[in-house]
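Undergrad: Take this structure first; my questions come after.
The values are calculated or read from the model by the stated rules, or taken from the named source; none is laboratory data. No experiment lies behind these values; they were computed from the predicted model shown. Positions of Cβ are backbone-derived with ideal geometry, glycine not excepted, and every protein chain shown enters the neighbour counts.
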Amino acid sequence: MMKKHVLALAITAIVLAACGKKEEPVATPAETTPPVAAAPAAPTGPVLDEEKVLNIYNWPDYITETLVADFEKEFGIKVNYDTFENNEALHAKLVAGNSGYDIVVPTAGFGKKQIDGGLYQPIDKSKISNYANLDPEFMAKIAGVDPENKHFVPWAWGFTTVGINKQKVEKALGDMPMPENAWELVFNPQYSSKLKSCGIAFLDSPSEILPVALHYVGKPPYSENPEDFKAAGEMLAKVRKDVRLFSSTMIDDIAGGKACAFVGWSGDINIAADRVKETGGTDEIVPLLPTGGGLVFIDTMAIPKDAKRVNNAHAFIDFYLRAENGAAMANEMNYPTGNKAALPMIKDEVKENKTIFLSDEDTARLIPTGGFSNDIAGTLNDTYNAFKRGK
Ligand code: SPD
């Protein structure tokens with residue numbers, strides 16, 4: 001898939017270069033006019049708000065090191081950057097209104113009901129000169145929840161999966177071979193009871209755990225049927241005693257050795273792996289690619305209905321869509337972005353990492369992004385809370 005993109009880009013570049021040469025006017029000496037001092041170009045740039053501030057609300061550990069500082073320096077805008085740990089927390093802020101945020105980063109499937117509820121204003125694409133950097137195929141996926149891509153601009157994507165500390169899991173399992181479907185490690189008591197000793201961690205949110213639990217018990221991951229939730233709840237109850245912690249900031253927990261098997265996000269698991277290596281650790285942290293499929297998520301930038309600095313928000317979105325910023329997100333954070341123009345700038349070692357840019361076979365197994373309606377929210381929350389409380 002990646003190779004196809006790179007090849008397509010290379011071909012496009014060659015064709016454009018060839019066309020460019022043909023069209024270039026060649027001045028003959030007779031036609032040459034005397035040089036005239038060029039008037040200084042009028043400064044062009046995005047329209048900004050009078051108030052040189054931008055308030056952003058994003059997930060933790062989800063931004064490259066210098067992005068905010070680079071934007072502040074270039075645009076003279078002070079960025080206030082806060083984080084939330086799950087979609088439910090972001091949703092509560094938006095529903096309460098007057099959040100004060102100019103850009104928020106909902107997961108597309110979850111955010112559908114926020115669009116339907118009128119919580120976002122449309123993006124003005126005419127203010128985003130780098131919009132064309134986005135991959136149309138990727139945008140078509142988002143259009144499934146946001147028709148015509150009116151509200152959501154991709155931030156990054158990944159998949160929810162099972163990650164392991166390889167050495168610790170192998171030791172805890174002893175003679176027991178690794179299961180073919182990695183979800184067994186955390187959802188089947190035969191495995192979880194063994195991994196309990198080195199620690200199992202789950203993401204801490206109903207909308208993270210229930211889709212993968214439903215999928216594991218053979219139900220639609222975004223089911224609207226309470227009976228399906230009953231089946232998922234019964235399965236979860238059997239492994240509850242083996243779960244050590246619930247966390248949405250798992251990088252430290254994994255790298256610090258608090259858990260050996262975890263339900264987490266692909267990029268975060270890879271960041272934890274890098275951190276272990278950087279600090280001289282020898283344990284291998286790996287996001288697995290379950291035969292039962294990982295759950296795709298696409299996180300997106302959106303502008304709340306009542307945002308005050310809408311021009312600054314558009315300037316930031318445009319800045320983020322520069323090819324080099326998209327590439328940095330993959331290179332530094334292990335998350336691809338949907339920015340097609342960034343692909344040639346992504347390091348080979350990242351492109352070749354099959355847990356970041358998946359093989360066609362693993363891509364085919366992914367569980368597509370989706371979301372629950374408000375009608376099932378009560379059942380979703382009750383099932384999750386009963387699991388977490390162990391009741
Ligand atoms: N480090 C934070 C990564 C954020 C991932 N968002 C995932 C949303 C999945 N529903």
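Undergrad: Give me the pairs: first residue in the stretch 99-111 and on the phi < 0 side of the Ramachandran plot, second residue of a type in the set (G, A, S) and crowded, with 24+ Cβ neighbours inside 10 Å, beta-carbon distance under 7 Å, and six or more apart or on different chains, which are they?
TA: Qualifying pairs under 7 Å: D102/A313; I103/A313; V104/A302; P106/A302; G111/A302.
Undergrad: I'd like to know if the stretch 149-172 contains one or more residues that are surrounded by fewer than 18 Cβ atoms within 10 Å (Cβ to Cβ) and in the same structural domain as N87 (by TED's automatic domain parsing).
TA: Looking for residues that are surrounded by fewer than 18 Cβ atoms within 10 Å (Cβ to Cβ) and in the same structural domain as N87 (by TED's automatic domain parsing), one finds at least one in the stretch 149-172, hence yes.
Undergrad: Only one of (1) touching a residue at least 12 places away in the same chain (Cβ under 8 Å); (2) outside the structural domain of D242 (by TED's automatic domain parsing); (3) surrounded by fewer than 17 Cβ atoms within 10 Å (Cβ to Cβ) is not met by E137, so which one is it?
TA: Condition (1) is where E137 drops out.
Undergrad: Shifting gears a bit: Of the residues that make up the stretch 103-110, is at least one at pLDDT 95 or above, assigned by TED's automatic domain parsing to the domain that holds V212, touching a Leu at 6+ places or on another chain (Cβ under 7 Å) and in a strand (DSSP E or B)?
TA: The answer is no, given that none of the residues of the stretch 103-110 is at pLDDT 95 or above, assigned by TED's automatic domain parsing to the domain that holds V212, touching a Leu at 6+ places or on another chain (Cβ under 7 Å) and in a strand (DSSP E or B).
Undergrad: Would you say T383 is under 29 Å from A327 (Cβ atoms), surrounded by 12 or more Cβ atoms within 10 Å (Cβ to Cβ) and either touching a residue at least 12 places away in the same chain (Cβ under 8 Å) or touching a Lys or Arg at 6+ places or on another chain (Cβ under 9 Å) (or both)?
TA: Against the criterion (under 29 Å from A327 (Cβ atoms), surrounded by 12 or more Cβ atoms within 10 Å (Cβ to Cβ) and either touching a residue at least 12 places away in the same chain (Cβ under 8 Å) or touching a Lys or Arg at 6+ places or on another chain (Cβ under 9 Å) (or both)), T383 does not qualify.
Undergrad: Kindly indicate whether D146 is in the same structural domain as P106 (by TED's automatic domain parsing) and farther than 25 Å from L119 by Cα.
TA: Answer is no for this residue.
Undergrad: Let me ask something else about it. Which residues, counting only those in the stretch 252-261, are crowded, with 24+ Cβ neighbours inside 10 Å and within 13 Å of the ligand (Cβ to nearest atom)?
TA: I254
Undergrad: Also: Criterion first (at pLDDT 95 or above, among the β-branched types (V, I, T) and either closer than 17 Å to S197 by Cα or buried (at least 21 other Cβ atoms within 10 Å of the Cβ) (or both)) does V239 satisfy it?
TA: Answer is yes for this residue.
Undergrad: Please verify whether the stretch 271-280 includes one or more residues that are in contact with a Gly (Cβ under 9 Å, 6 or more places away or on another chain), outside any helix (DSSP H, G or I), more than 15 Å from the ligand (Cβ to nearest atom) and in contact (Cβ under 8 Å) with a residue 12 or more places away in the chain.
TA: So far as the stretch 271-280 goes, no, none of its residues is in contact with a Gly (Cβ under 9 Å, 6 or more places away or on another chain), outside any helix (DSSP H, G or I), more than 15 Å from the ligand (Cβ to nearest atom) and in contact (Cβ under 8 Å) with a residue 12 or more places away in the chain.
Undergrad: Determine which single condition K168 fails, assuming it passes every other condition in (1) more than 30 Å from S359 (Cα to Cα); (2) outside any loop (DSSP other than H, G, I, E, B).
TA: Evaluating K168 over (1) more than 30 Å from S359 (Cα to Cα); (2) outside any loop (DSSP other than H, G, I, E, B) leaves (1) as the failure.
Undergrad: Could you count how many residues in the stretch 177-201 are among the polar types (S, T, N, Q) and in a helix (DSSP H, G or I)?
TA: 3
Undergrad: Here is a follow-up. Could you please find all residues in the stretch 202-251 being within 14 Å of the ligand (Cβ to nearest atom) and part of a strand (DSSP E or B)?
TA: F202
Undergrad: Looking at (1) more than 21 Å from I298 (Cβ to Cβ); (2) in contact with a strand residue (DSSP E or B) (Cβ under 6 Å, 6 or more places away or on another chain), which is the only condition G158 fails?
TA: Unmet for G158, out of (1) more than 21 Å from I298 (Cβ to Cβ); (2) in contact with a strand residue (DSSP E or B) (Cβ under 6 Å, 6 or more places away or on another chain): (1).
Undergrad: A further question on this structure: Identify the single condition in (1) more than 21 Å from D268 (Cα to Cα); (2) under 24 Å from the mean Cα position of the chain (by Cα); (3) among the polar types (S, T, N, Q); (4) away from the ligand (no atom under 16 Å from the Cβ) that N165 does not satisfy, given that it satisfies every other one.
TA: It fails just one condition, (1).
Undergrad: Quick check on V95: is it exposed (fewer than 14 other Cβ atoms within 10 Å of the Cβ) and under 26 Å from P211 (Cα atoms)?
TA: So V95 fits the description; yes.
Undergrad: In the stretch 281-314, which residue that is more than 16 Å from the ligand (Cβ to nearest atom) and of a type in the set (S, T, Y) is surrounded by the most Cβ atoms within 10 Å (Cβ to Cβ)?
TA: My answer is T291.
Undergrad: For A213, only one of the following conditions fails: (1) closer than 18 Å to T369 by Cβ; (2) surrounded by fewer than 19 Cβ atoms within 10 Å (Cβ to Cβ). What is its number?
TA: (2)
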